[in-house]
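What follows is calculated from the coordinates using simple rules that are stated; it is not laboratory data. Just so it is clear, the structure is predicted and the values come from calculations on it, not from any experiment. Glycine also receives a Cβ, built like all others from the backbone with ideal geometry; neighbour counts cover every protein chain displayed.
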Amino acid sequence: MKWLSNRYTYPLVVLAIAVSLVLQLAWLNQLFHAQLKQLKLDLEQVVVESAKMSTYLSVMPGHEGKENFKQFFLSSEWLQFNQAYHNMRFHQIGSSFSSSFKGDSTFVNISLRFFNGKPNYKRRTRTMAFDDGKTLEYELRMDRLALKRMDSLVHQKLKQDGISVTADSVIYSYNKDTISSRLSKAQLERVAFASQQYSYNLTFFNTYQLVVANLDWAVLYRMRYYVLSSFFMLLLTGAVFFFILRLMRNQRLYAQARVSFTSNMTHELKTPVSTVAIALESIIENRLEDNPETLRNYLEISRSELQRLNLMIDKVLNLEQLDSGQARLRSELYDVPQGLQQVVTSMKLQVETAGATIDWQPVSQPCFVYGDPLHLTNVFYNLIENALKYGGRGVAINLSCTCNADEVTISFKDNGPGIAAIYHNRIFERYFRVPTSTPDTHNVKGSGLGLNYVKNILEKQGGSIRLINEPGGGSNFIIHLPAAS
């Protein structure tokens, strides 16, 4: 499956995201047109309701409280009749209209005139009859008031229905082909929505049409939750793929690190075994029992190598126990300067063999922490051993310990080659080793477990560790542990 993950994983992920994006866009496009159609229906209904209310309000004076009157002029049947009467002018049919109010009754008279033969357009005029005592000027003034009322009702209804659009009105003269609007004829031809023409009072001087130049933003506003859900769906899909790819990459690096670790540990474990085997073979072949001084020297070498082998095995076992949660750290009062002194004394032979020096001046005041003595001692041992291994022959190591009421600070400083700043965080990762000029090749053999073990132990005991580069070269590992109160 390696070929699949390496060659086709990224193209497949890109393809999956692209397909998801295309599907979401197709769905949103289809939804956009459906919402656009519905918005046009809603706008048409706004004009219908406003026209019915405006017509009713134009004849309501004197009929307040008359439910039958109100129901008729607000009914859909009246609107259809009203609209049919209005449309007669498009079929070359003349018409006349009159209304009167007498007593408790309202009279509405409508008559139609059909032309026999070819109609005379010059004679196609509208006949108007008004209530007793009403003049044409009065009716025109009332028509202008009705127009303002109609426009107000439309905008009020738009706001009530939550339709946010820039709406304009077009007023058509009933018996002429003239229009009145703030929009030009060219603009009216490009509007996104134009309602049917509706009369807004019973005098039928003019008809009202609602036009909207652009509906896109209003539709997108209606779709806002769908657009946001699609965006977050795509974002979530991308995030999931990102974390999956990152996990796969980390697993691949982890697997490579484990292979490298196995190879390094094999060499690490093989070296002390071979050294002990050679020492024992030399003792037997050379009959060194007759040479006590040389025999003792070989036995010291064997014991040192076996101790090193035991420490490497303990390091692996300790990490496994920490991962599985089986490691139980003891918490007891621990004197840090005394622990450092014991580690320095026990490593005297290794320091001399490496031609190194350790500058350690014990502090006069005690610095106590609560921790596991065994694991804290191993932490100190690991840091000094790393300085000896990677600092080069003749490295100078400076140890210091300071404390106050809240914290104990321990410094492990050397004058070795140091570590590049880009690796300061990664050196505490398991199996990670600072790369050299040749990949997977290291001048000093190691397991890549030591610093990870150090970091885990310190964190489990409430402490921390950080690395800083010293001016002129060298590294300084600084440990912070909470002081025992």
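For each pair in 52/185; 37/148; 389/455, compute the distance between the two Cα atoms and list the pairs where it is over 30 Å. The answer is none of them.
Residues in region 157-174, backbone N under 12 Å from the label point at residue 214 (7 Å along the Cα-to-beta-carbon vector): list them, ranges by number please. Answer for region 157-174: 166. Residue-normalised convex hull volume from the C-alpha trace of region 330-485: 114 Å³ per residue. Quote the FRET efficiency, to the nearest 0.05, computed for residue 285 versus residue 346 with a Förster distance R0 of 41 Å and r equal to the Cβ-Cβ distance. After rounding to 0.05, the efficiency reads 0.80. Taking a ≥ b ≥ c as the square roots of the eigenvalues of the Cα gyration tensor of region 368-415, is the shape rounded (a/c under 1.5), prolate (a/b larger than b/c) or oblate? Judged from the Cα gyration tensor, region 368-415 comes out oblate (a/c at least 1.5, b/c at or above a/b). Applying 1/(1 + (r/R0)^6) with R0 = 56 Å to the Cβ-Cβ distance of residue 374 and residue 27, what FRET efficiency is obtained, to the nearest 0.05? The calculated FRET efficiency here is 0.35.
Distance between the 7 Å Cα→Cβ label points at residue 424 and residue 184: 6.7 nm.
Model label points for residue 191 and residue 237, set 7 angstrom from Cα along the Cα-to-Cβ axis, are 4.0 nm apart.
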